[in-house]
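Please read the structure below before turning to the comments.
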Amino acid sequence: MATLSITLKLMRTTNTMTVSLSPAMTKELERVRKAEHRTRSELIREALRQYIESRSPSVMPAKAEFAAIRRGRAAFARGDYVSLTALEHDLETPGDRTGARRVAKAAGQKSGTR
């Protein structure tokens, strides 16, 4: 009787890493894992995904947008800007001044001043 042997080589879709955690962090990880019925790997992947996304923008600004950002920062550094209170005041319709008093009061200013 002949035997047929088939060997399948599966391509690994993940990499294994070792991470060191303090006992307190390990305890917290286990608490969350149990409460959410998830694996440690799922929680660590999610945490890393959120961390990486917060550090790199999902959309890169175009060259012209970068230039506009630089111009805006330079104008701000020169003091060339309008406060939110002044902008809201300027945007109000002539008959609607109650909003200006609320905004000014919240900003600690007298109504009608900029």
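Order 86-93, 56-63, 13-20 from most to least packed using the mean count of other Cβ atoms within 10 Å.
Values: 86-93: 12.6, 56-63: 7.9, 13-20: 6.1.
By packing density, highest mean first, the sequence is 86-93, 56-63, 13-20.
Suppose R0 equals 30 Å. What FRET efficiency, 1/(1 + (r/R0)^6) with r the Cβ-Cβ distance, do residue 90 and residue 53 give to the nearest 0.05? Please list the in-between numbers first.
Working: r = 37 Å, r/R0 = 1.22.
Plugging the Cβ-Cβ distance into 1/(1 + (r/R0)^6) gives 0.25.
The numbers here are math on the coordinates, done by the rules we state, and not lab data. From a predicted model like this one, the values you see are computed outputs, not experimental measurements. Every residue, glycine as well, gets a Cβ built from its backbone with ideal geometry; the counts of neighbours run over all protein chains shown.
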